[in-house]
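Quick note: the coordinates plus some simple rules give every number you see, no bench work behind them. Quick caveat: nothing in here was measured; it's all calculated off a predicted structure. All Cβ positions, glycine included, derive from the backbone under ideal geometry; neighbour counts span all protein chains shown.
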Amino acid sequence: MDKELKVGVDEFSLVFFYPIDDVCNDWQSTAYSMIQEFIYKADIELLLGKVVEMRDKKPQAYSQAFTIENAPYYFTIALHETFVHMGILVRFSAHSWAVYQKRYFDFYGENINIGKFLSNIESPLYRYRLSRIDLTADYKNYDLSPHSIYSRLKDESLQVLDCNYRHSKRKISSVERDLVTESFYIGSRAENSQSLLRVYDKKSEQISNNGFRLDEALQCDSWVRFEASYRGNYAHQITEQLEHITDDVSVSQFIASKICDRYRFYDPLNSCFTDFTNDLLKIIECSNFHALRCESPANNSLNKSIQHIIYGSGLFPLIYKISFIWGEKAVAEFWSILYEIYKKYHKKKLEINPQIRAWLRKNFLSLSQQSLSDCFVSVDLTKIDVAEIVNKISESDNPFTLTAINTSSNKNIVDTQIVSDEEFERSFYSKDME
């Protein structure tokens, strides 16, 4: 596969302040007006969904927070009802920002980048600045690994320079498994650290976590991500510098330059930068194309369950035994009996199970916009493999379409408890359902 380098924004946080340096006599009312203005300016409810009060996972030290109703990703707007100086926090996770970008393109027919987003939300009702922003460089199909880079850093055959070619002593730490470095960090991982670089195997991470970029990970041979996290004063400076940068090419160049400002990998023996650093520097120099990552996030919450049924449940050995003893028709009879058992003994209990209803509220909307066949994609089954299976089914005597059904039933699910996928799985086997 051809090498590919794309840059982008992973996650970011904004803080909104009262627009003038004066005492705000009615902060709570003013804060609500500022929040409403941001929601309107950013098209939050149009693109992400209904904004509701947040019950769990509120940002630390904030007394009240809001989120998107039944969203499978993290997004929050938070304030402290008393402390004006804390402002209003808006935090996009990587997943929520990817969904926002995708839906913006679907609705408006054009891309949205971080510079354009900041321009869109400008208002006389508030002033804002970034408090954190994570900038990424994704190296796909490169002969590259976190382990090889970290090993060279440790034996000093590789150095990290800044934009002024200075080589300063920096803390380097790693995460290893079976003596292989899976990821490493340059800089302090403390909360008050203003810059930190993480280098890790993005392909392995997406596959092991069934991440929202799983399909993207399966379509490349390798994927190493360089993720530069800037906070505090660095993030404030980036806010100011992004003020008039809105086109995709300029934003690509800006992101590449901000990563290279502090993290350039240099080979002292050969007196040159590494190939992967040179490729990032080329993005800064090139003004003919943009290198921004295009987002196509997917909800892969069901993939893990389906993979377990296929590979870990013993289902297929059982089917083979049935087929060997009674023939292929018995397999069809087996499925019919199994489905009738589900309808007679389990369906009613599942309909009122609070954990399952909470899981459905969280995942229903995003999954219903995908096809069921997407949920079969895994390391062993690519989209092409699944498509061939679906086509074969559609050409058979008993065709059916693998698309979402009951798309209006979500309105009847009223539970608000949020559960993880693991809790959802456990609820299938709880004693009250035996």
Can you pick out the pairs among Lys304/Lys347; Lys57/Lys362; Lys202/Lys258; Lys140/Lys202 whose Cα atoms lie more than 18 Å from each other? Lys304/Lys347; Lys202/Lys258
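Charges at C-beta only: +1 for Lys and Arg, -1 for Asp and Glu. How large is the resulting dipole of the chain about its Cα centre, in Debye rounded to 20?
820 debye
Stick to Cα atoms and the Kirkwood definition of Rh, then tell me Rg/Rh for segment 1-155.
Here the Rg-to-Rh quotient is 1.06.
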Please check: in the Gaussian network model of the chain (C-alpha springs, under 10 Å), which one of Val386, Val90, Val224 has the largest mean-square fluctuation. Val386
Difference of contour (0.36 nm per residue) and Cα-Cα distance, Ser208 to Asn233: 5.5 nm
With +1 on the Cβ of every Lys and Arg and -1 on the Cβ of every Asp and Glu, the dipole magnitude of segment 1-132 about its Cα centre, in debye rounded to the nearest 20, is 320 debye
Segment 187-264: GluC sites (Glu not before Pro) in DSSP loop, at most 15 other beta carbons within 10 Å: Glu191, Glu243
With springs connecting C-alpha atoms under 10 Å apart, model the chain as a Gaussian network and identify which of Ala330, Ala358, Ala61 has the largest mean-square fluctuation. Ala330
Residue separation between Asn25 and Glu110 times 0.36 nm, minus their alpha-carbon distance, gives in nm 26.5 nm
Taking only Cα atoms, what is the 0 to 90° angle, nearest 10, from helix 328-341's long axis to the longest principal axis of the chain? 70 degrees
Can you work out the PRE-style zone for Ser323? Point 7 Å along Cα to Cβ, and I want the residues of segment 299-314 with backbone N under 18 Å. 309-314
Let me test this: with uniform point scatterers at the alpha carbons of segment 273-368, what is the Debye-based log₁₀ I(q)/I(0) at q = 0.15, 0.20, 0.21, 0.24 1/Å? -0.86, -1.15, -1.18, -1.22
Hey, what number do you get for the chain at 222 nm if only DSSP H runs of n ≥ 4 count, each worth -39500 (n - 2.57), divided across all residues, to the nearest 500? -11500 deg cm²/dmol
Calculated Rg/Rh (Cα atoms, Kirkwood Rh) (choose from (i) 1.01; (ii) 0.97; (iii) 1.65), label: (i)
Find out how many positive minus negative residues lie around Tyr32, taking Lys and Arg as positive, Asp and Glu as negative, among other residues whose Cβ is under 13 Å from that of Tyr32. -4
Partner lysines for Lys154 [C-alpha distance under 18 Å; skip if fewer than 8 residues away on the same chain]: Lys169, Lys171
So between Asn278 and Glu69, what do we pick up on full extension, going 0.36 nm a residue minus the alpha carbon distance? 70.9 nm
Quick one: if you stick a label point 7 Å off each Cα along the C-beta vector at Tyr165 and Leu315, how many nm between them? 6.1 nm
Please work out the Cα center distance from segment 359-391 to segment 166-231, rounded to the nearest Å. 27 Å
